[in-house]
1. Outside the structural domain of ASN162 (by TED's automatic domain parsing) and touching a Pro at 6+ places or on another chain (Cβ under 6 Å): is that true of GLY206 in this structure?
2. Have a look at PHE277, PHE286 and point out the one that is under 30 Å from LEU211 (Cβ atoms), surrounded by 10 or more Cβ atoms within 10 Å (Cβ to Cβ) and at pLDDT 70 or above.
3. Among the residues of the stretch 175-187, is any farther than 22 Å from LEU143 by Cβ and hydrophobic (A, V, I, L, M, F, W, C)?
4. Kindly provide the set of residues from the stretch 195-217 that are touching a residue at least 24 places away in the same chain (Cβ under 8 Å) and of a type in the set (S, T, N, Q), ordered by number.
5. Can you work out which of the residues in the stretch 179-198 that are among the hydroxyl-bearing types (Ser, Thr, Tyr) and touching a strand residue (DSSP E or B) at 6+ places or on another chain (Cβ under 9 Å) is modelled with the highest pLDDT?
6. Please state which one of VAL184, VAL166 is outside the structural domain of ASN230 (by TED's automatic domain parsing) and assigned to a strand (DSSP E or B).
7. I'd like to verify a number: residues in the stretch 151-193 that are under 11 Å from the mean Cα position of the chain (by Cα) and either within 20 Å of SER257 (Cα to Cα) or hydrophobic (A, V, I, L, M, F, W, C) (or both), how many?
Amino acid sequence: MIQDTIEATAEETTINATDAVGKLWDKLDGWLDAIILKLPNFIVAILVMVLFYFLARGISRLVKRLILKKVKEESIKQIIGQITYAIVLLIGFFVALGVMDLNKVLTSVLAGAGVVGLAIGLALQGTLSNTVSGFILSFLPKLSIGDWIETDSDKGFVTEINLRNVTIKRPDNNLTVIPNSTFVDNPFTNYTINKRSRIIVGCGVGYESDLQMVEDLTVKILGEAFPQGNNEEIEFFFTEFGDSSINFLVRFWADCSNGKENFMHQHKAIKTIKKHFDEADINIPFPIRTLDFGKNDLTVLSNKDG
């Protein structure tokens, strides 16, 4: 009885194994038939990928040539070319999946890409913000490498613009790195865009001075030292009665594209004004402090001397 049961069990196991092997071969045979049927599509898909590979390289080079005149920073040109290459290649991948009639796979890939993209976007909000701002700065005609700019807290020459930050070389030769998003969201002044700038110099003359003579002489000597162009003039304004002088401001135009040149023009103007005022015997007062010693103070001093 037990022997019969064992034989029956072995026979049933053999049948199940045979059925499993048969089903496996049937499945493999079905896959082989599907591969044979899809072989033309598969070959076309490979050709599509090869075509888009060369197309991506060509478009990437074309984009870099087109932005060559707009962007000076090599790192940004390279990254734009790489992004263009990746986008074209990704389009080719989706086209290849469509050629192979893998619609379900294509849908899954797109859905997965959307979820992954959302997660990456949330995790890298700051980085993406700086990257987008970097692209904006790259094509912004108001900012270029070598420009002299001034922000709320720093000023200097722009030495680098990349996808993360702007680097400024300050007058003390130190570098300041400003994130692109911060740079875009805040105002800045670019002194290099306009080649001519207005220079302002202040001074004061004694109360005994002939004010009209002071004005005429200042305008004359600065006009000779700094020739004015079309629609430019030297402007002179008395501004206040000071403690020891009548103060004035004089404004004139000069070639100036950075902070150093501005200081150089002020330096030259001050020397010119001082020289000619001395020759014309025009007094430039300086504050005078008068010390008033009372009798008690004089007595104390006399005792100390004694």
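1. For GLY206, the condition - outside the structural domain of ASN162 (by TED's automatic domain parsing) and touching a Pro at 6+ places or on another chain (Cβ under 6 Å) - is met.
2. Sole residue among the options that is under 30 Å from LEU211 (Cβ atoms), surrounded by 10 or more Cβ atoms within 10 Å (Cβ to Cβ) and at pLDDT 70 or above: PHE277.
3. Step one: filter the stretch 175-187 for residues farther than 22 Å from LEU143 by Cβ, giving none.
No; the residues of the stretch 175-187 include none that is farther than 22 Å from LEU143 by Cβ and hydrophobic (A, V, I, L, M, F, W, C).
4. SER197, SER209
5. Residue satisfying both the conditions and the ranking: SER197.
6. VAL166 is the lone residue from the list that is outside the structural domain of ASN230 (by TED's automatic domain parsing) and assigned to a strand (DSSP E or B).
7. So the count comes out to 12.
This table checks each residue for (1) out of contact with any Gly (no Cβ under 6 Å at 6 or more places or on another chain); (2) at pLDDT below 65; (3) farther than 30 Å from ILE145 by Cα; (4) not assigned by TED's automatic domain parsing to the domain that holds VAL166.
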site: ILE35; (1), (2), (3), (4): yes, yes, yes, yes
site: PRO40; (1), (2), (3), (4): yes, no, yes, yes
site: VAL44; (1), (2), (3), (4): yes, no, yes, yes
site: LEU47; (1), (2), (3), (4): yes, no, yes, yes
site: PHE52; (1), (2), (3), (4): no, no, yes, yes
site: ALA56; (1), (2), (3), (4): yes, no, no, yes
site: LEU66; (1), (2), (3), (4): yes, no, no, yes
site: LYS70; (1), (2), (3), (4): yes, yes, no, yes
site: ILE76; (1), (2), (3), (4): yes, yes, no, yes
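The values are calculated or read from the model by the stated rules, or taken from the named source; none is laboratory data. Because the structure is a prediction, the values reported are computed rather than measured. As a convention, Cβ positions derive from the backbone with ideal geometry for all residues, glycine included, and neighbour counts pool all protein chains shown.
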